[in-house]
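Take a look at the structure below.
The values are calculated or read from the model by the stated rules, or taken from the named source; none is laboratory data. Nothing here was measured: the structure is a model prediction, and the numbers come from that model. Counting neighbours? That spans all protein chains shown, and the Cβs are built from the backbone with ideal geometry, glycine included.
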Amino acid sequence: MTLLGEFCLWLALLLSAWAAVLGFSGRWQDRPDLTASVRGAVFATFGALAVAALALWKGLASHDFNIEYVAAYTSRNLPDGYIISALWAGQKGSLLFWAVVLSLFGALAQLLTPRRYGALMPYVAAVTSAVVAFFVCTMVFAANPFERMAFTPADGRGLNPQLQNPGMMIHPPMLYLGYISITIPFAFAIAALLSRSLDTGWIHAIRKWTLVSWLFLSIGITLGMWWAYVELGWGGYWAWDPVENASLLPWLTMTAFLHSVMIQEKRGMLKRWNLGLIVGTFLLSIFGTFITRSGVIASVHSFTQSNVGYFFLAFLVVCGILSFTLLYTRWSSLKAEVQLESVVSREAAFLFNNLLLVGVAFSVLWGTLFPILSELVRGSKITVGPPFFNRVNIPIGLLLLALTGIGPLIAWRKASTANLKRQFIGPVAAGVVTAVALLAAGVRGLYPVMALSLAGFVAGTIGQEFYRGVRARRRMHGESAPVAFGRLVARNRRRYGGYLVHAGVLIYFVAFSGMAFKREIEATLKPGDSATLTSPFGHTYTFTHVGVSQFEALNRVVSAATVQVAKDGKPEGLMTSEKRQHVDSFRRPTFEPSTEVGIRSNLQEDVYITYAGSVGGTEEAVYRLTINPLVWWVWFGGFVLAFGGLVTMWPGGGAVIPVARAAAARPSLAEAGALTE
Amino acid sequence: MSDCSRRSFIGRLGAVALLPLQQAQGPLAGEGEVGTLRDPGAAGRARAPTEIADYDERIKVIEQRLACSCGCTLDVFTCRTTDFTCTYSPQLHREVVELDRAGKTAQEILDAFVAKYGEKALMAPKPEGFNLWGYLLPGSAILVAGGALVAVLSRRRVAVADAMAVGVGPSPSITSVPVTGPHAADATPEEMERLRRALAEVED
């Protein structure tokens, strides 16, 4: 199978190179005879890479430890689910996974794109194939997943214990799907530039793809936070690690694009900016891959340092130069069709929103690269950790949260004073009431109070938008409130799905602010000893150490420390945290013992216990006991965000309308006492 | 073999088969008030009993500003309370505690770490010299870009207003339709009918 796999890699390299060269040259010279085979080559590339992936999976499943990758990431006693996820657990396998998914997306783009965009498709095929060719090239020349060893070990090393978590079966693929699918909008953008089809056609063609990318990135980032929280054991979910930052960067620019593209669709403005954002998002996805795989910046998430990083750096530079040169040559053809008329308008709010989103992206990128810059300039190493990022980004993030509430309240084109007054009074009141309530409840701390008050304001905006929409439908169509609500969302999926996304963001901010009130202690307990901890919500938790038990499981020796938990004197049950010593099939230790935390979650707070170790090899256990407020809401916020994204991208639900029509519609809505956009 | 002996044989066979499980899941091999673990090595590195300094809020705040040198990218406090295999963070913690006991202030402890390990010992660089750029550039860039945006938009607004005053709208196709409530009063019945049709079509 490895021979077949390796053969397929070479075949995929030839096919993708063929599709790239003929796609570019055939479409450039307008020769259908040359482009005729491109589509077939795209499908064949996917076929070849799918066979290669299956061959590697076969090697993993059959424990062919002569393959270096199989020996490095699996063992005979590794549970079956992790045999599957081992495909993307290491550098080489994840490159193959990336290439096969990218080739699948390339083929789907050819299959699913309506015929009216046919003129763009050879270029789209060429760009996607060129990127596939790069990934396959990297594998073939620098990171071959089918590389064999001179000997065959009796068992493999097994999978890193921190990767033996159900989250790791979903989180990396989701993130990869997000990263990878960005290539398709990028390919359409390049195709539009090359073919000078610079109207809004290409924007419509990529709408679903951009939403798919954004959705996968959102889910992947949230799952990553969940994985960090349940697996890494430090009681948090975001540490501003360079690899975490790398996933946030394209998400931020893609979010900016999803807002600014509405201005191009409705008003024919921001064409250059939108193209720049798509190109920038693609480059940031490659940059993230470079950071993860090069070892240039220290990160707990990084793959082993290898020369693969140089490939990505070179690719990044080449793509950047070519893309921006192309954009420059088409600059004059990308003039806006109309001019913005007022600073107080929805368009201007979107512009400021874009400014802040791109500003946060720049800030995160700046912080991520700053250690390198500082070392270059000053010659001494520095560390740039969470205190830096929090200091720089929290104020910008709060501004962004405010704009999330402000944007939807301002009318397109130009808002009148009366309009602003009518729109803002409710949400501002909601924000002020929240602030007063928080201060009255004794909540202190500038940032948490600001975040929660702004959350109140944004919630007021979202609630008002839904309320007015439902009220309008009820008056105009005589529908009941639930029916009006359902139809309002169903017929305006993009708009109200967008509000759901805003609601998700708002829930995120509220949940994040909860971590400012985290409580924790460390305690050494003998069986029967207790420790108490009071939560920010005023509950007193008592932890009574029951004991430490040791037992063997499939691929590990487990030391489980158990506490009896009581909340305000009432028993809540047992909680267990474990130390796991992973072993191979010969019971030989494979990694350092890892820690599994115990978590009990409710809407207010999480009780989070960590077994740090035992004193002198006895049952006397050292525990880290933590109360993390509002963590459940982080995952719920992620769910609402993803659900809103799905609503937005669900087929049907009304087309995007140019602002002239929307504006034309407004007087009659006003007559009905309805919403103002 | 009689029924009885067969039953006994099967029973013994079952017991033998279950033996590893019983051994694996049996009670601890410890005795007395505090039992000993059967395999202490599997429970990670042996720990010393917690001292007050281990969870002292003041020490914690200091350690959260100091980077662990094991390459984990975490601060000393987080690393020593998370990665229980790290040998660096417990040592750095001891150094912080010793300096604290010697009567040093938080800033003096941080300065002592910088003097000993270099500036990389801090989780965030001091906002001075070139590193001040690290803190200021993102916010300044946003402020400058925002200010420029407002200036450009304000200038354009004047230009658009001037153009409209002489009857040359920025986009006739768009400006030919009234926009906000007060303008609706100027609409003809035909226009209003068209608007209603548009509303029925777009539901918005």
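Observations on the model:
- Exactly one residue out of A:Gly538, A:Gly573, A:Gly514, A:Gly528 is closer than 30 Å to B:Phe77 by Cβ, in a loop (DSSP other than H, G, I, E, B) and more than 14 Å from chain B (Cβ to nearest Cβ), and it is A:Gly538.
- Search result, residues across segment B:99-136 that are surrounded by fewer than 14 Cβ atoms within 10 Å (Cβ to Cβ), more than 11 Å from chain A (Cβ to nearest Cβ) and small (Gly, Ala, Ser): B:Ala102, B:Gly103, B:Ala115
- Residue ID - nearest to the other protein chains (Cβ to nearest Cβ), chosen from residues in segment A:322-347 that are of a type in the set (A, V, I, L, M, F, W, C) and without any contact (Cβ under 8 Å) to a residue 24 or more places away in the chain: A:Val343
- Number of positions in segment A:467-495 that are under 30 Å from A:Val449 (Cβ atoms) and surrounded by 18 or more Cβ atoms within 10 Å (Cβ to Cβ): 1
- The listed residue being under 29 Å from B:Ala48 (Cα atoms) and surrounded by fewer than 17 Cβ atoms within 10 Å (Cβ to Cβ), out of A:Arg624, A:Arg580, A:Arg600, A:Arg556: A:Arg600
- Some residue of segment A:601-622 being within 35 Å of the chain's Cα centre (by Cα), farther than 19 Å from A:Asn165 by Cα, part of a strand (DSSP E or B) and free of Cβ contacts under 8 Å to residues at least 60 places away in the same chain: yes
- Scanning segment A:181-196 for residues that are surrounded by fewer than 24 Cβ atoms within 10 Å (Cβ to Cβ) and in a loop (DSSP other than H, G, I, E, B) yields one hit, A:Arg196.
- Here is the figure for segment A:471-511: residues that are away from chain B (no Cβ under 11 Å) and of a type in the set (S, T, N, Q) total 1.
- Flag if A:Gly178 is in the same structural domain as A:Leu283 (by TED's automatic domain parsing) and either not in a helix (DSSP H, G or I) or not aromatic (Phe, Trp, Tyr) (or both): yes
- Number of residues in segment A:84-109 that are among the small types (Gly, Ala, Ser) and touching a Ser or Thr at 6+ places or on another chain (Cβ under 7 Å) equals 4.
- Only a single item in (1) buried (at least 21 other Cβ atoms within 10 Å of the Cβ); (2) out of contact with any Leu (no Cβ under 6 Å at 6 or more places or on another chain) is not met by A:Ala455, and it is number (2).
- Restricting segment B:137-154 to residues that are more than 9 Å from every other protein chain (Cβ to nearest Cβ) and closer than 30 Å to B:Ala124 by Cα, the residue that is farthest from the chain's Cα centre (by Cα) is B:Gly147.
- Selection status of A:Ala348, over 18 Å from A:Val243 (Cα atoms), modelled with pLDDT under 90 and not in a helix (DSSP H, G or I): no
- Scan of segment A:453-497 for residues that are touching a His at 6+ places or on another chain (Cβ under 9 Å) and without any contact (Cβ under 8 Å) to a residue 40 or more places away in the chain, ordered by number: A:Val483, A:Ala484, A:Arg487
- Residues satisfying the criterion are absent from segment A:240-260 (criterion: in contact with a Phe, Trp or Tyr (Cβ under 6 Å, 6 or more places away or on another chain), surrounded by 22 or more Cβ atoms within 10 Å (Cβ to Cβ), over 18 Å from A:Val634 (Cα atoms) and β-branched (Val, Ile, Thr)).
- Condition met for A:Trp202 (surrounded by 22 or more Cβ atoms within 10 Å (Cβ to Cβ), more than 17 Å from A:Asp606 (Cβ to Cβ) and at pLDDT below 90): yes
- Test: residue in segment A:240-248 that is closer than 16 Å to A:Gly288 by Cβ, touching a residue at least 24 places away in the same chain (Cβ under 8 Å), in a helix (DSSP H, G or I) and more than 13 Å from the chain's Cα centre (by Cα): yes
- Taking the criterion of being crowded, with 19+ Cβ neighbours inside 10 Å and facing chain B (nearest Cβ under 7 Å), the residues of segment A:369-385 that qualify are A:Phe370, A:Ser374, A:Ile382, A:Thr383, A:Val384, A:Gly385.
- Candidate set: segment B:52-89, residues that are more than 9 Å from chain A (Cβ to nearest Cβ) and assigned to a loop (DSSP other than H, G, I, E, B); chosen: the one nearest to the chain's Cα centre (by Cα): B:Cys68
- Filtering segment A:626-642 for residues that are assigned to a loop (DSSP other than H, G, I, E, B), within 30 Å of the chain's Cα centre (by Cα) and away from every other protein chain (no Cβ under 11 Å) leaves a non-empty set.
- Flag for A:Thr610 being within 12 Å of chain B (Cβ to nearest Cβ), among the β-branched types (Val, Ile, Thr) and closer than 30 Å to A:Phe512 by Cα: yes
- For A:Trp412, the conditions (1) among the aromatic types (Phe, Trp, Tyr); (2) touching a residue at least 40 places away in the same chain (Cβ under 8 Å); (3) in a helix (DSSP H, G or I) are fulfilled apart from (3).
- Against the numbered list (1) β-branched (Val, Ile, Thr); (2) more than 24 Å from A:Ala459 (Cβ to Cβ); (3) touching a residue at least 60 places away in the same chain (Cβ under 8 Å), A:Thr404 comes up short only at (2).
- Criterion (outside the structural domain of A:Leu193 (by TED's automatic domain parsing), out of contact with any strand residue (DSSP E or B) (no Cβ under 7 Å at 6 or more places or on another chain) and within 24 Å of A:Ala142 (Cα to Cα)) met by exactly one of A:Ala36, A:Ala71: A:Ala71
Conditions (1) more than 30 Å from A:Ala41 (Cα to Cα); (2) in the same structural domain as A:Ala61 (by TED's automatic domain parsing); (3) at pLDDT 95 or above, marked per residue:
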site: A:Tyr82; (1), (2), (3): yes, yes, no
site: A:Gly90; (1), (2), (3): no, yes, no
site: A:Ser94; (1), (2), (3): no, yes, no
site: A:Val101; (1), (2), (3): no, yes, yes
site: A:Phe105; (1), (2), (3): no, yes, yes
site: A:Ala119; (1), (2), (3): no, yes, no
site: A:Ala142; (1), (2), (3): no, yes, no
site: A:Phe146; (1), (2), (3): no, yes, yes
site: A:Pro166; (1), (2), (3): yes, no, no
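- Residue match in segment A:389-411 (condition: more than 8 Å from every other protein chain (Cβ to nearest Cβ), in contact with an Asp or Glu (Cβ under 8 Å, 6 or more places away or on another chain) and within 21 Å of A:Glu347 (Cβ to Cβ)): yes
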